[in-house]
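Once you've had a glance at the structure underneath, I'll fire off some questions.
The values are calculated or read from the model by the stated rules, or taken from the named source; none is laboratory data. What you see is a predicted model, and the numbers here were worked out from it, not measured in a lab. Ideal geometry is used to build each Cβ from the backbone, glycine not excepted, and the neighbour counts take in all protein chains shown.
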DNA sequence: GCGACGTGTTTTGTATACAAGATACACGAG
DNA sequence: CTCGTGTATCTTGTATACAAAACACGTCGC
């Protein structure tokens, strides 16, 4: 269920079995970058990563190339690859595109989702709410993603799904980096309640507006969080040090 | 001006010089596929292509992988790569996504384009009209693309540009395959007049509606053309033969 | 003492070599 | 004669080897 966020649109019939090493690497690397294990600006030394993953340079380079097209990695000729920085400017750039896609997703999902899919999303939603009550942040995140993936599947458009997913990883990364405040978390849960209600009512216009709004609220929260992170020159680690 | 359709959004300052072989191959292959030299369904034998382009398999495979993410090529593990078919179903899938993106493009371009950019687009437009009058189909196509690229640049969003371009190649391919009728051509020219007028008036809502409409009209035309191509079992070449 | 140049090392870009899976054809059994 | 199986060949997936470019450091000149 987790991992594999890149292809929630796989048509069940065609069953394209994954090309082991290359694709597996793509996912591992993407997770490492999105979840912050590989830090923004970090230089990706091919030899080091090869040893780390136990593979040769050929499949590794394939994976790096692919992530470069997703915008998670920047490649400069003869200078190597590095993890791109999560800047506010980048988010301001990605968000409007994402909003346009999510509006379409909402409209289509409300119209095309099967009853079973809506029920499945409701189940995921309930589990997510339970995680919220218990403040299980990681489980909440993953269920959140599962819900958005399920809505994407319900929109019945593999191209839309693939395009959205490609952009989503850049946004997810910002979310991992900037801590979710308690206030924003409560707000997000309320937005999700409205989203589920619109889907159950098959209100296309409503869902098509709620999803971009949800995203807009997220951007506002991230703006604040990233602006706070942007000037850490005042007290990088001294904040903790002062306590002693 | 021609070629290089994949990166009209290159920020002038960053000047990422292209990684020669790999990227050059991507463009050559993309052109071959889009313009129909490599036919849909055609199997891509790596060794053959290597000899043809005079490169090794490593960069060729990189290029193939990238075009696979664009949807022009399908890869199946241990079975090789092949050019994807241009089906009506695929177009119906890509178009709504493209429309959502173009609406955003129109709104942003109307608001953010510089006076010089609008003037430049007007110039391209006039040259395109001249080509239409002379029925110079190829030159018309290329100026048409140049106009859409210029609008994309004016929208001031590299991510939007890159995403749009990635989908555009799939649509362009259909346009090359299905012949433009005289009636549709005249219609398209009229639509372009309206597009230019909206841009010059900086009418965001107008341009944001005209671009998707332009696309919708194109889809209707392609539907007819592809439906005609779809059942050639009745008389593959006999249609021409009957005339003799 | 400071700066520029040159050499050595590292790292990337490309080519080739090897291994595993898939296709095609031929041979044999029914 | 047809169908299944086994082998041979080819193609892909991965690893390694080679070449060129970039970086780092030391030396030489001013």
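If you scan region A:63-75, which residues turn out to be more than 10 Å from chain B (Cβ to nearest Cβ) and closer than 17 Å to residue A:87 by Cα?
Those that are more than 10 Å from chain B (Cβ to nearest Cβ) and closer than 17 Å to residue A:87 by Cα: A:72, A:73.
Answer yes or no as to whether residue B:215 is in a helix (DSSP H, G or I), modelled with pLDDT of 95 or more and touching a helix residue (DSSP H, G or I) at 6+ places or on another chain (Cβ under 9 Å).
yes
Would you say residue A:25 is away from DNA strand C (no atom under 15 Å from the Cβ) and more than 9 Å from every other protein chain (Cβ to nearest Cβ)?
So residue A:25 fits the description; yes.
Could you please find all residues in region A:84-99 being without any contact (Cβ under 8 Å) to a residue 60 or more places away in the chain and either within 9 Å of chain B (Cβ to nearest Cβ) or within 16 Å of DNA strand D (Cβ to nearest atom) (or both)?
A:93, A:96
Identify, by number, the condition in (1) touching a strand residue (DSSP E or B) at 6+ places or on another chain (Cβ under 6 Å); (2) in a helix (DSSP H, G or I); (3) more than 10 Å from every other protein chain (Cβ to nearest Cβ) that residue A:81 doesn't meet.
(2)
When you check residue A:127 against the structure, is it surrounded by fewer than 17 Cβ atoms within 10 Å (Cβ to Cβ), more than 14 Å from every other protein chain (Cβ to nearest Cβ) and assigned to a loop (DSSP other than H, G, I, E, B), yes or no?
No: the conditions fail for residue A:127.
Residue A:86 passes all but one of (1) away from DNA strand C (no atom under 16 Å from the Cβ); (2) at positive phi; which number fails?
Every condition holds for residue A:86 apart from (2).
When residues of region A:47-62 are filtered for being within 14 Å of another protein chain (Cβ to nearest Cβ) and either over 25 Å from the mean Cα position of the chain (by Cα) or more than 10 Å from DNA strand D (Cβ to nearest atom) (or both), how many remain?
3
Name every residue in region A:66-78 that is more than 13 Å from DNA strand D (Cβ to nearest atom), part of a helix (DSSP H, G or I) and crowded, with 19+ Cβ neighbours inside 10 Å, in order of residue number.
Scanning region A:66-78 gives A:67, A:70.
Are any residues in region B:38-62 surrounded by fewer than 12 Cβ atoms within 10 Å (Cβ to Cβ), within 12 Å of DNA strand C (Cβ to nearest atom) and part of a helix (DSSP H, G or I), and if so, which ones?
Across region B:38-62, the qualifying residues are B:47, B:51.
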